[in-house]
Amino acid sequence: MSDKQVDAVLLVSFGGPEGPDDVLPFMRNVTEGRGIPDERLEEVSEHYYARGGVSPIQEQCRELRAALEDELHDAGHELKVYWGNRNWHPFLADTLRAMAADGVEHAVAVLTSAYSSYSGCRQYREDVERARQEVAADGVEPPTFEKVRAYYNHPGFVLPHVDYVRDALASLPEESRSGARVVFTTHSIPRTMSRHCDYETQTYETCRLVMEALGTGHGWDLVYNSRSGPEFVPWLEPDVNDHLEALAGDGVPGVVVVPIGFVSDHMEVVYDLDTEAAQTAERVGLAYARAATVGTDERFVTGLRELLEEHLSGAEPQSLGVRGPNWTMCPVDCCLTPGQEAVPAIAQAAPRQAGRPRG
């Protein structure tokens with residue numbers, strides 16, 4: 001349990017546009033410092049424009065923020081849940097200003113990412129610290145923060161997926177159901193990043209735990225989607241579309257695609273899976289079903305409350321499998337590639353559990 005009184009919770013996410021006029025400014029924020037011209041950004045923004053320029057992640061964060069606040073209140077924790085983004089409104093610095101104005105001194109951050117990696121964990125921690133410094137430069141004392149641990153093997157994240165996979169299998173045509181394969185997918189990252197974090201191991205363990213609990217005997221695979229960047233830079237593979245083609249060539253009659261790397265149906269799910277992967281499956285003759293994401297499933301929201309209670313009251317950490325609960329004290333160089341500068345980041349630490357050997 002922290003030696004500081006927790007005043008609030010901060011939900012930290014990626015952000016997304018909420019109308020056509022937002023798309024290009026949002027893409028500039030996402031790619032800041034990479035020198036990508038607007039013409040190229042317009043090309044890669046077409047999947048946003050096709051949906052009215054609206055990313056579903058924004059409304060899903062609003063719903064999760066409200067659900068988590070209600071869950072905390074119902075459990076007797078009178079804590080306000082704030083929400084801040086890396087790349088779009090509400091920006092983290094603006095949210096921290098609002099928290100400071102409300103008198104918040106110490107808060108716990110919850111990320112909309114279940115796994116350890118630079119882009120999915122450490123970078124968010126750096127974002128919050130950068131926002132703190134921006135607010136402090138304006139003469140405002142920002143809140144201090146800790147962050148809940150990675151929750152890839154927490155029951156509240158794992159167990160809902162068991163039902164989602166079972167439901168998706170049941171939705172396949174009967175003739176393709178028994179021979180269907182379960183294809184888990186997550187956001188690809190560069191191999192240079194994956195070699196210095198636990199992302200692959202953690203994601204594989206989540207998939208294994210889901211299939212162990214499902215107990216159907218269906219074969220399964222872990223694949224990747226949403227890679228970006230130059231072709232000469234190696235990213236985690238296989239790509240979900242390439243894998244679906246290979247399965248069809250092997251005579252597999254159907255697939256259930258499970259977006260295990262995502263907590264809600266944002267653009268990498270509704271475009272990369274519901275559009276592109278579904279079209280690939282149709283083209284190669286695979287029956288296709290996509291499993292749900294945890295979203296605001298009450299078991300997931302309860303799990304987030306339990307993670308917060310590790311900080312609030314020293315509650316015993318919960319986890320499934322043999323790896324145990326993820327560590328809560330990150331090394332200084334956690335999730336950094338060699339030569340990458342270790343810039344200031346908010347603490348991922350609850351002192352009572354410092355040193356748990358899982359990254």
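Of the residues that sit in segment 234-267 and are open to solvent by 40 Å² or more (accessible area, probe 1.4 Å) and assigned to a loop (DSSP other than H, G, I, E, B), which one is nearest to Thr296 (Cα to Cα)? Steps first, answer last, please.
Just the residues of segment 234-267 that are open to solvent by 40 Å² or more (accessible area, probe 1.4 Å), to begin with: 234, 237-239, 242, 245-246, 249-251, 253, 265.
If we keep only those that are assigned to a loop (DSSP other than H, G, I, E, B) as well, we get 234, 237-238, 250-251, 253, 265.
Values: Pro234: 34, Glu237: 29, Pro238: 29, Asp250: 37, Gly251: 36, Pro253: 32, Asp265: 11 Å.
Top of the filtered list is Asp265.
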Look through Asp38, Asp7 and report the one residue that is in contact with a His (Cβ under 8 Å, 6 or more places away or on another chain), more than 17 Å from Glu268 (Cβ to Cβ) and among the acidic types (Asp, Glu). Asp7
Scan the helices (runs of 4 or more DSSP H) fully inside segment 16-118 and keep the ones with 1 or more residues being in contact with a Leu (Cβ under 8 Å, 6 or more places away or on another chain) and open to solvent by 40 Å² or more (accessible area, probe 1.4 Å). 20-30, 38-44, 57-74
Mind telling me which of the residues Glu316, Glu341, Glu298 ends up being of a type in the set (Asp, Glu), under 23 Å from His196 (Cβ atoms) and either crowded, with 16+ Cβ neighbours inside 10 Å or at pLDDT 80 or above (or both)? Glu341
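Answer yes or no as to whether Arg122 is open to solvent by 30 Å² or more (accessible area, probe 1.4 Å) and part of a helix (DSSP H, G or I).
Numbers: open to solvent by 30 Å² or more (accessible area, probe 1.4 Å): no; part of a helix (DSSP H, G or I): yes.
Criteria not met by Arg122.
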Which one of these does Gly217 not meet: (1) farther than 15 Å from Ala291 by Cβ; (2) at pLDDT 95 or above; (3) open to solvent by 50 Å² or more (accessible area, probe 1.4 Å); (4) of a type in the set (Gly, Ala, Ser)? (2)
The condition of being hydrophobic (A, V, I, L, M, F, W, C) and either without any contact (Cβ under 8 Å) to a residue 24 or more places away in the chain or farther than 28 Å from Glu298 by Cα (or both) holds, among Ile57, Ile36, only for Ile36
Do you know which residues across segment 277-295 are surrounded by fewer than 19 Cβ atoms within 10 Å (Cβ to Cβ) and in contact (Cβ under 8 Å) with a residue 12 or more places away in the chain? Ala278, Val284, Gly285, Ala292, Gly295
Would you mind telling me which numbered condition in (1) at pLDDT 95 or above; (2) open to solvent by less than 10 Å² (accessible area, probe 1.4 Å); (3) touching an Asp or Glu at 6+ places or on another chain (Cβ under 8 Å) Leu307 fails? (3)
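Take Ser228 and tell me if it is open to solvent by 10 Å² or more (accessible area, probe 1.4 Å), assigned to a loop (DSSP other than H, G, I, E, B), farther than 16 Å from Ser176 by Cα and at pLDDT 95 or above. Full working, then the answer.
Details: open to solvent by 10 Å² or more (accessible area, probe 1.4 Å): yes; assigned to a loop (DSSP other than H, G, I, E, B): yes; farther than 16 Å from Ser176 by Cα: yes; at pLDDT 95 or above: no.
So Ser228 fails the test.
The values are calculated or read from the model by the stated rules, or taken from the named source; none is laboratory data. Keep in mind the model is a prediction, meaning the values are calculated, not measured. As a convention, Cβ positions derive from the backbone with ideal geometry for all residues, glycine included, and neighbour counts pool all protein chains shown. Calculation scope for accessible area: heavy atoms of the full protein, side chains included, ligands and nucleic acids excluded. Shrake-Rupley method; radii C 1.70, N 1.55, O 1.52, S 1.80 Å.
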